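Read the structure below first, then the notes.
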Amino acid sequence: MHVLSPSQPPATDIATYLREFSLSSAPSLFEPETGSTIHDEVVVEGRRYDRFINEFWPARQRGGHSLHEISYRACFKAELPHFFIDLLSRESELIYDPFMGRGTTIIEAALMGRRVAGNDANPLSRILSLPRLSPPTEQEVYARLEEIPFDTPCPEPDIDLSMFYSPATLRQLLNLRAWLHQRWKDNVEDAVDRWIRMVATNRLTGHSSGFFSVYTLPPNQAVSPERQKRINEQRNQRPPDRDVPGIILKKTRSLLRKLTLEERKRLKRAAEDALLLTNDAASTPEIADDSVALVVTSPPFLNTVQYAADNWLRCWFNHLDAERIGMKLTVTASLEQWRVSMLAVLRELFRVVRPGGWVAFEVGEVRNGTLNLDEVIAPLGERAGFVCRGIVMNRQNFTKTANCWGVANNRKGTNTNRIVLLEKS
Ligand SMILES: C[S@@+](CC[C@H](N)C(=O)[O-])C[C@H]1O[C@@H](n2cnc3c(N)ncnc32)[C@H](O)[C@@H]1O
């Protein structure tokens, strides 16, 4: 049985490695083919591409590091970047994600002792990612929360949020928002402030008492005020009082629960020269030519997710203009436009990846499974200058059993991870 080892095989052996791969750690939910990779080929534009299908990483939920447990629309599980970072990079090498979202790739890479660079056109992504490279201790967070005047009277908010929060909760939230903003304006914002901002941003709305709001959709999809009013009527509910600092502290404890001293040291090293940008992924002049060992990334899949609309409340809390951000994001119904955008990104990746370096580009199937985006990306990657070494498909059991374990991709119509593996050879 071939166990995933931290010493990666030579590039030419990748195909053999993937063919012989067998997941020996963690009980598998994927019964029939466990242990054997299915190896076949897909033909696109007359060129044959190798395809490797197996359960390359475990399907179980919450198997990753607790530090990842920040919800974000269409994020991937930490096991995905872990697999490729382990396979295709060495300690201290630079790992990059041009569409970093909640920062899964860069946090996992930093935990594994790599250097990191990340980019996302939505500045929320930086707000969610950066603080987890320099996590404070629970005591530091407690002490800082004690300094914030949560319950002082404050003016009405600029928008009506009474359908989400009780008056007492809203007062705490507004005081926290104003306090954090002042610290930022005074140029004294530090790692503890940024951590509290990140946790609060993540706790704004959700479907349990661990969030500031009354019951609503999961935290990565803030509904509109009108929709929330209807939810309240249907459920006959009124926003309850919540303890804002108490919830922040509880979530802090949960995020830090698996963090070891050694991992803190690795994060600190990664944070020292981490580069986190808010550019268009096709234009990142801040990243040097030939500097990146490995890119692990997942772009927007056409228009399956409306990132700006989902994040309006998170943007409000952080004084960001959701509409303007929305205009910068690649959200398109047209495959042709998507192809043009992705080719520009792949050309930029070809510039920053070092010779012998890799790109693991995760996409899925869209339009009810009729369009496999990996078959669009593989030839585009080659047009940008890379050699496509194959398509890795991670299959998981999406039966009822798996769903009750929470194993379901939150992208509409996407049931597999398809990773196009490109080498700058
Ligand atoms: C599929 S999500 C990435 C999720 C990420 N892998 C994670 O685990 O959180 C795609 C991301 O691309 C960002 N994005 C969309 N258009 C972009 C562009 N043109 N340049 C950079 N980032 C963009 C979105 O804001 C979103 O965060």
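A short reminder: the numbers here are calculations on the coordinates, not readings from a lab. Note that the structure is a prediction, hence the values are computed from the model and not measured. When we count neighbours, we look across all protein chains shown, and the Cβ atoms used for this are built from the backbone with ideal geometry, even at glycine.
For residue 69 and residue 243, FRET efficiency with R0 = 22 Å and r from the beta-carbon atoms, rounded to 0.05? Let's see the in-between values first.
Numbers: r = 20 Å, r/R0 = 0.91.
Computed FRET efficiency for residue 243 and residue 69 comes out at 0.65.
Using a Gaussian network model on the chain with a 10 Å cutoff between Cα atoms, which of 64, 326, 46 fluctuates the most? Maximum fluctuation in the GNM of the chain, among the listed residues, is at 46. The distance between label points at residue 368 and residue 327 comes to 3.6 nm (points 7 Å beyond Cα on the Cα→Cβ vector). Placing +1 on the Cβ of every Lys and Arg and -1 on the Cβ of every Asp and Glu, with nothing else charged, gives the stretch 138-254 a dipole about its Cα centre of roughly 500 debye.
Looking at the chain, the DSSP beta bridges with both ends there are about 50 percent antiparallel. Relative to the longest principal axis of the Cα atoms of the chain, the long axis of helix 79-88 makes an angle of roughly 40 degrees. How many angstrom separate the Cα center of the stretch 209-261 from the Cα center of the stretch 118-193? Using only Cα atoms to place each centre, the spacing works out to 15 Å.
I'd like the projected area of the stretch 304-385, averaged over all directions, using the convex hull of its alpha carbons. Report it in nm² with one decimal.
If you wrap the Cα atoms of the stretch 304-385 in a convex hull and average its projections, you get 6.9 nm².
On the basis of the beta-carbon distance and an R0 of 41 Å, residue 40 and residue 92 show a calculated FRET efficiency of 0.65. Anyone know which of 160, 50, 97 comes out most mobile in the 10 Å Cα GNM of the chain? Among 160, 50, 97, the largest mean-square fluctuation in the Gaussian network model of the chain belongs to 160. One quarter of the convex hull surface built on the alpha carbon atoms of the chain amounts to 20.6 nm², the projected area averaged over directions. As a length-normalised measure over Cα pairs under 8 Å and 6 or more apart, the relative contact order of the chain settles at 19 percent. Highest mobility in the GNM of the chain, judged by mean-square fluctuation with C-alpha springs under 10 Å and restricted to 140, 348, 93, is found for 140. Centre-to-centre separation between the Cα atoms of the stretch 74-116 and those of the stretch 290-327: 18 Å. Helix 225-235 axis versus longest C-alpha principal axis of the chain: approximately 80°, rounded to the nearest ten.
Is the stretch 217-375 rounded, prolate or oblate when judged by the Cα gyration tensor, a ≥ b ≥ c being the square roots of its eigenvalues, rounded requiring a/c under 1.5 and prolate requiring a/b larger than b/c? It is oblate, given that a/c is not under 1.5 and a/b is not larger than b/c. Principal-axis analysis of the Cα atoms of the chain puts helix 335-352 at an angle of about 80° to the longest axis. Per residue, the Cα convex hull of the stretch 115-208 amounts to 149 Å³.
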